[in-house]
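Since the structure comes first, as structure tokens, the remarks are kept for the end.
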Amino acid sequence: MYHTIEEFMNEWNHESNLTKKALDQLTDESLSLKATPEYRTLGSLAWHLVTSIHEMLSRTGLEFAAAEHEAAVPATAKEMADSYLMASENMIAAMKKQWTDQSLNEMDDMYGEKWPKSLTLSVLNSHQIHHRGQLTVLMRLAGLRVPGMYGPSREEWAEAGMEAPAN
Ligand code: NI
């Protein structure tokens with residue numbers, strides 16, 4: 001959990017840049033990809049990454065403009081990436097204005113439980129990382145370029161003139 005807003009922002013900046021890198025690789029055609037008939041499309045998974053920022057943080061009372069949970073999945077990858085950036089930037093700007101470090105100890109009603117804001121921020125970050133991992137798998141299936149996250153991707157190994165590890 002985070003003790004200061006700055007602690008969260010440092011981590012969020014790093015993670016949201018990685019998410020943005022992945023979203024920037026999506027194509028409009030790739031959005032309709034389904035790994036299997038019963039799972040959501042690549043586009044709807046990517047959109048969940050966007051809308052969950054407002055869905056989760058609005059429960060804490062933070063007020064900011066961002067795509068809401070019920071918003072329809074956009075038809076273009078660009079709209080999705082732009083919406084992500086806007087949600088992320090507006091959330092950070094609102095937090096700087098509306099919260100202090102002490103706010104992180106305040107409790108909110110979250111999904112039937114009481115969470116301090118510091119926990120909500122941790123969950124927001126873990127939730128993003130979890131779904132981004134799923135997204136990169138679907139991106140592979142769609143034949144898209146996958147950016148490295150915590151290490152080089154297959155393409156990045158190749159560009160560095162090295163062979164990617166087999167496992
Ligand atoms: Ni989720």
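Here the label points at Q102 and D24, each 7 Å from Cα along the C-beta direction, are separated by 4.0 nm in the simple model.
Principal-axis analysis of the Cα atoms of the chain puts helix 42-57 at an angle of about 10° to the longest axis.
Considering only L121, W157, S83, the residue lying farthest towards the positive end of the dipole of the stretch 53-167 is W157, judged by Cα position with unit charges set on Cβ.
Any chance you could run the full-extension gain for H131 through A158? It's 0.36 nm times the residue separation minus the Cα-Cα distance, nm to one decimal.
Extending this stretch completely gives an extra 7.1 nm.
Other residues whose C-beta falls under 14 angstrom from the C-beta of D82 contribute a net charge of -2, scoring Lys and Arg +1 and Asp and Glu -1. Helix 5-24 and the longest principal axis of the Cα set of the chain meet at an angle near 30°.
The accessible-area ordering, largest first, of the residues T4, T120 stands as T4, T120, per a 1.4 angstrom probe.
With 0.36 nm allotted per residue and the present C-alpha distance subtracted, the E68-L141 stretch has 23.5 nm of extension available. For the listed peptides 40-53, 61-74, a ranking on the average number of other beta carbons within 10 Å per residue, highest first, reads 40-53, 61-74.
The values are calculated or read from the model by the stated rules, or taken from the named source; none is laboratory data. Here the structure is a predicted model, which is why all the values come from computation and not from measurement. Methodologically, a virtual Cβ is constructed for each residue, glycine included, from the backbone with ideal geometry; neighbour enumeration extends over all protein chains shown. The accessibility values were calculated without ligands, DNA or RNA, using every heavy atom of the protein model including side chains. Shrake-Rupley method; radii C 1.70, N 1.55, O 1.52, S 1.80 Å.
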